2 protein chains.
Amino acid sequence: MIRLGKLTDYGLVLMTCIARTQGQTASLHTARDLALVSRLPLPTVSKVLKELLQSGLLVSHRGIKGGYSLARDAHEISLAEIVSALEGPIALTECSTDISGLCDLERCCPIKSNQQIISQIVKGALEKVMLSDLVQPLQLTAIKDANGKLVPTIGYVSGRMQ
Amino acid sequence: MIRLGKLTDYGLVLMTCIARTQGQTASLHTARDLALVSRLPLPTVSKVLKELLQSGLLVSHRGIKGGYSLARDAHEISLAEIVSALEGPIALTECSTDISGLCDLERCCPIKSNQQIISQIVKGALEKVMLSDLVQPLQLTAIKDANGKLVPTIGYVSGRMQ
DNA sequence: TGAAATAGTACTAATCTCGTCCTATATAGA
DNA sequence: TCTATATAGGACGAGATTAGTACTATTTCA
């Protein structure tokens, strides 16, 4: 399995919860409310929200009646941004980052340039999916044809799936 | 960072090393030779090769003058297969697999179906790149345009990059 | 028959992540 | 102005996972 940390998973759930009621009366969510809705422990929720805040994906209001809300419209936040905020730069291996000195093979690594490209491919795939796509669930059958190949269009379903 | 295990990284290097000389006189590679070429410790190389063998990506010959070679042509082995062989099914989170009972939120998880789709997108991206593409290095500028968007064609460069 | 290579299993140490706790700071309302 | 409530930030320990190693069995060529 390509490992995406649990905290990143939580982040996707929390961002979806916030985005779902964005624009409604209750556009400000406290960490406590989000913990209840998402059924996640409060300290953990608080931690994730803080990281999303520091990455500029959320804005916060302190004090009584404080809380968190999206920094931008859900249509303008990609999964790549959320993942990057919680996992760091999107790369499949350390060799794919710009940081040097992490790998003994660096000077003559036979596939370094290719790894960077592989990471770009994955990154590009995540950049195509927006937070709003998670609120309005994607249609599974729409993006995968009978041969298992991806088709460019992304469809929606009318109601909540599952 | 989306975590891909070191062993998977090694696997990509080793598969590339083997594919590079496929069809030539020395089409059979011992674990020892591959360890020297890849600069990786022999026991680790041996371990990775065994896993690739069990997944059917390599064939082996025992005894003196034994070694490993590709089970199929490099053009017919995708990165998705190599990654799957060493990481298990390609999924970004445990919730994305078909195994149930791993997550408390399972019954009412708000984004489960979407996570499966996200995994499909990443998987699809890896299926498009073949082992032969790693031997014949991909052209970075060819798959990414000025806007950072991916373009479908994949180009090659004449010599080794880097 | 012996040398060399793979096959399989088990184990240990290190690393990393997750979840939690504590204290400081800011804000709205009484 | 004071208090309750919420975020901000840092630190820490338990747990799980992975990486790497070691050992033994099996196979094959000379």
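Structure above, values below:
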item: When each of A:K123/B:K128; A:K6/B:K6; A:K50/B:K6; A:K123/B:K123; A:K6/A:K123; A:K123/B:K47 is checked by Cα-Cα distance, pairs over 24 Å; result: A:K50/B:K6; A:K123/B:K47
item: Sequence of B:R3, B:R39 once ranked by neighbouring C-beta atoms within 10 Å, starting from the fewest; result: B:R39, B:R3
item: Where N is the number of residues in the range B:42-92, Cα Rg divided by 2.2 N^0.38 Å; result: 1.22
item: Teacher prompt: B:E76 distances to equivalent labels in other copies, 7 Å Cα→Cβ, nm; result: 5.1
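Only the coordinates and a few stated rules stand behind these numbers; no lab work does. All figures in this text were calculated on a predicted structure; none of them were measured in a lab. Cβ sites come from the backbone with ideal geometry, for glycine too, and all protein chains shown count toward neighbours.
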